[in-house]
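Written out below as structure tokens is the structure these notes cover.
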Amino acid sequence: MTSKWEKFQQRSFLESNARTRAIGLVDSGSFTELAGPRHRITSPHLPLLGEAVEFDDGIVTGVGMIGKKPVFVASQEGRFIGGSVGEVHGAKLVNIVHLARKSYDKLLTANPDLPEEKRPAVIISFETGGVRLHEANAGLLAHAELMDQFQDCKGKVPIISLIGSRVGCFGGMGFVAAATDVIIMSQFGRLGLTGPEVIEEEMGKDEFDASDRALVYRTTGGRHKYIMGDCNILVEDTITAFRQALQEVLVKPYVEIATMGCIGSLKKVQSQLKLVDLCARVSPKDAKDIWKIAGNDNPDALTDMPLDVFLQTVKHLTNSDQGE
Amino acid sequence: MSKQLHELIFELKAENPTDFPVDFSHFGVVGSGDMEVIIEQKALAGAVRIKIVSPVTGYDEVWRRVLERFVNETGIANASLEINDNNATPVVVSLRLRQALSEIV
């Protein structure tokens, strides 16, 4: 008889709720939820606005194992107010990272020779539109506090983002994800700053038609992010695919994982500035213009080809593409 | 009149009660038009206590009918239910409550 965990493995990551993802990404039966529904830490602000609350405030946090490694998990629930960050949600997110770093310090003090395979890691399954407007100040503060926790984790605890859920990862959480060490996405995942609807609202339909799904995915979807180098690994849309990619990352030495992010060195900043120069020179009208510059002669074919073919044939945008 | 969250409490008793078998369970996501429920064991002399927190008012009788049907059809007893509702229709409520019970192996 197949266990629940085994059933979760083949499930679509996109269709899975936050709790399913949290349970399924770590080893079978290893997930322990912290500050979960049992504790009923609901938003103190939403009732005053007559808005429904959720017992976990839209985020699942806890600890599990991947092999011998303690993994501190945060998994956002996009169906609860768009996975947006309110006070409790934010505090849970900040504190699970804090707990990971404290655990690292405790473990390494007790055993300075603790092998890497036993050192903690943080994984975040992002599904969010960013700050919860009903609790804007608390939400924004949480973003800042989280970035602060990431800094404390440098040199100690790797932080891995998994983006493959319906709402995507937008708003302030977009740059928070960009501040993590590794980003794993599926082609259905989306990562950006301002969400498509907001761009349309601010700039008009001619500038960006949020109802044009193909456009939205060309601009913020996993395949585009992979070409741009904003995401490290692109996987199939199953929990097991994300889990396998995670396992492959976590066996790498920490010094290697720490080099995989989008930011964190002068070289990387220079690379980003080169990209800005490129856009200024080329004035791309569409992501496909950049795909072509990256060396993909048939950019139109890239959107629909099977994932395995895409991964074999696609050319990433490199430093030399961005060059003079 | 300012918006607020409303609380409804019902205490019901099934015709053929069966004690709720687990200490704690939870099911559901508070999406738009949806709800979540915590079901816990609670000694209530065979009764069931149900608390609903909802932004919607004026549906007390609809809730009562849905819950009475659920309690009688399942026989759930000695349990406390806490529901966070976000405008779920009676059909959705019925479905989620039954799904919550079926999750308990």
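Data table
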read-out: Cβ-defined net charge surrounding A:GLY58, 15 Å radius [Lys, Arg +1; Asp, Glu -1]; value: -4
read-out: Chains B and A, summed buried accessible surface - 1.4 Å probe, Å², nearest 100; value: 1600
read-out: In the range B:1-99, the trypsin sites (Lys or Arg not before Pro) that fall in loop regions by DSSP, at most 15 other Cβ within 10 Å; value: B:LYS3, B:LYS42
read-out: Amide hydrogen neighbours beyond the local backbone of A:CYS169, cut-off 5 Å, H modeled; value: A:THR128, A:ARG190, A:LEU191, A:GLY192
read-out: Of all accessible heavy-atom area on the range A:1-131, the percent that carbon and sulfur account for (1.4 Å); value: 56
read-out: Heavy atoms of B:GLU73 accessible to a 1.4 Å probe, total area in Å² rounded to 10; value: 120
read-out: 9 Å beta-carbon shell around A:PRO158, net charge (K/R +1, D/E -1); value: +2
read-out: A:LEU48-A:SER30 pseudo-label distance in nm [points 7 Å out on the Cα-to-Cβ vector]; value: 4.2
read-out: Residue-wise HN-Hα coupling along the range A:157-170, computed from phi with Karplus coefficients 6.51, -1.76, 1.60 (Hz; x: Gly, Pro); value: 10, x, 10, 10, 9, 10, 10, x, 10, 4, 6, x, 10, 10
read-out: Relative packing of A:43-50, A:184-191, which averages over residues the other C-beta atoms within 10 Å, highest first; value: A:184-191, A:43-50
read-out: Relative contact order of chain B, pairs being alpha-carbon contacts under 8 Å that are 6 or more residues apart, as %; value: 39
read-out: Protein-protein interface of the range B:1-32, residues with accessible area decrease of at least 30 Å², isolated chain reference, 1.4 Å probe; value: B:LYS3, B:LEU5, B:PHE24, B:HIS26, B:VAL29, B:VAL30
read-out: Proximal lysines relative to A:LYS118, as straight alpha-carbon distance under 30 Å, when same-chain residues fewer than 8 apart are discounted; value: A:LYS4, A:LYS7, A:LYS68, A:LYS69, A:LYS92, A:LYS102, A:LYS106, A:LYS154, A:LYS156, A:LYS252, A:LYS268
read-out: Peptides B:4-11, A:9-16, A:238-245, A:156-163 ordered by average Cβ neighbours within 10 Å, highest first; value: A:156-163, A:238-245, A:9-16, B:4-11
read-out: Net charge, A:LEU48 excluded, C-beta distance under 11 Å - Lys, Arg +1, Asp, Glu -1; value: -1
read-out: Angle between chain A longest axis and helix A:266-282 axis [Cα atoms, degrees, rounded to 10]; value: 40
read-out: Computed over chain A: relative contact order in percent, which uses C-alpha pairs under 8 Å that are six or more apart; value: 15
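The values are calculated or read from the model by the stated rules, or taken from the named source; none is laboratory data. Computed from a predicted model, the values in this text were never measured in an experiment. All Cβ positions, glycine included, derive from the backbone under ideal geometry; neighbour counts span all protein chains shown. In case anyone asks, the SASA skips ligands and DNA or RNA and just uses the protein heavy atoms, side chains included. Shrake-Rupley method; radii C 1.70, N 1.55, O 1.52, S 1.80 Å.
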